[in-house]
Amino acid sequence: MIDIDDLTLRQIKEIQNLTTNNIKNENNRYVIVRTYSAGVFAGELESRNNREVIMKNARRLWMWAGAASLSQLAMEGTQKPNDCKFPCEVDRIELLEVIEILDVTEKAKKSIKEVPIWKQ
């Protein structure tokens with residue numbers, strides 16, 4: 001058993017890092033996030049904690065066309081914006097079980113944001 005009075009400052013900082021779960025501020029960079037079961041989202045990455053992320057101004061990418069993969073969508077955007085199904089943005093969303101985060105180019109961001117809002 002460890003006596004708390006014998007801990008060094010370095011050990012205290014290490015314990016502090018363990019208890020904060022390495023939450024990382026992502027400076028709101030625009031990304032595409034793919035989750036295990038909730039789908040794919042494009043928006044500003046606010047923070048990440050292991051496999052959990054918080055996004056702002058995020059759209060669910062329910063169905064895309066004009067790009068062969070998410071990688072191409074993140075790099076080039078869509079060539080067929082009217083064939084995509086992207087609902088409206090939500091102000092904030094917490095996503096669990098994230099399995100992929102792709103940085104999005106300015107060209108692709110503009111393309112994604114210009115896709116008409118899909119609704120029924």
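Laboratory data are not the source of any read-out in this text; all were calculated from the coordinates shown. The shown structure was predicted, so the numbers you read here are calculated from the model rather than taken from an experiment. Neighbour counts are summed over all protein chains in view; Cβ atoms, including those assigned to glycine, are modelled from backbone coordinates with ideal geometry.
Just give me the residues in the stretch 108-120 being farther than 15 Å from Arg29 by Cα, surrounded by 17 or more Cβ atoms within 10 Å (Cβ to Cβ) and aliphatic (A, V, I, L, M), in sequence order.
Val115 - this is the single residue of the stretch 108-120 that is farther than 15 Å from Arg29 by Cα, surrounded by 17 or more Cβ atoms within 10 Å (Cβ to Cβ) and aliphatic (A, V, I, L, M).
Restricting attention to the stretch 74-94, does a residue exist that is β-branched (Val, Ile, Thr) and in contact with a Lys or Arg (Cβ under 9 Å, 6 or more places away or on another chain)?
Yes, the stretch 74-94 contains at least one residue that is β-branched (Val, Ile, Thr) and in contact with a Lys or Arg (Cβ under 9 Å, 6 or more places away or on another chain).
Among the residues of the stretch 71-107, write down those that are hydrophobic (A, V, I, L, M, F, W, C) and within 18 Å of Trp118 (Cβ to Cβ).
The answer is Leu73, Cys84, Phe86, Cys88, Val90, Ile93.
Pick out the one residue from Arg60, Arg51 that is in contact (Cβ under 8 Å) with a residue 40 or more places away in the chain, of a type in the set (Lys, Arg) and either crowded, with 17+ Cβ neighbours inside 10 Å or touching a strand residue (DSSP E or B) at 6+ places or on another chain (Cβ under 8 Å) (or both).
Only one candidate qualifies: Arg51.
Restricting to the stretch 74-107, name every residue that is within 21 Å of Ile54 (Cα to Cα), of a type outside the set (Asp, Glu), surrounded by 15 or more Cβ atoms within 10 Å (Cβ to Cβ) and over 13 Å from the mean Cα position of the chain (by Cα).
Phe86
Identify all residues within the stretch 25-58 that are within 16 Å of Glu106 (Cβ to Cβ) and among the polar types (S, T, N, Q); write none if there are none.
Restricting attention to the stretch 25-58, the residues satisfying the condition of being within 16 Å of Glu106 (Cβ to Cβ) are 27-32, 42-45, 57.
Asn27, Asn28, Asn57, listed by residue number.
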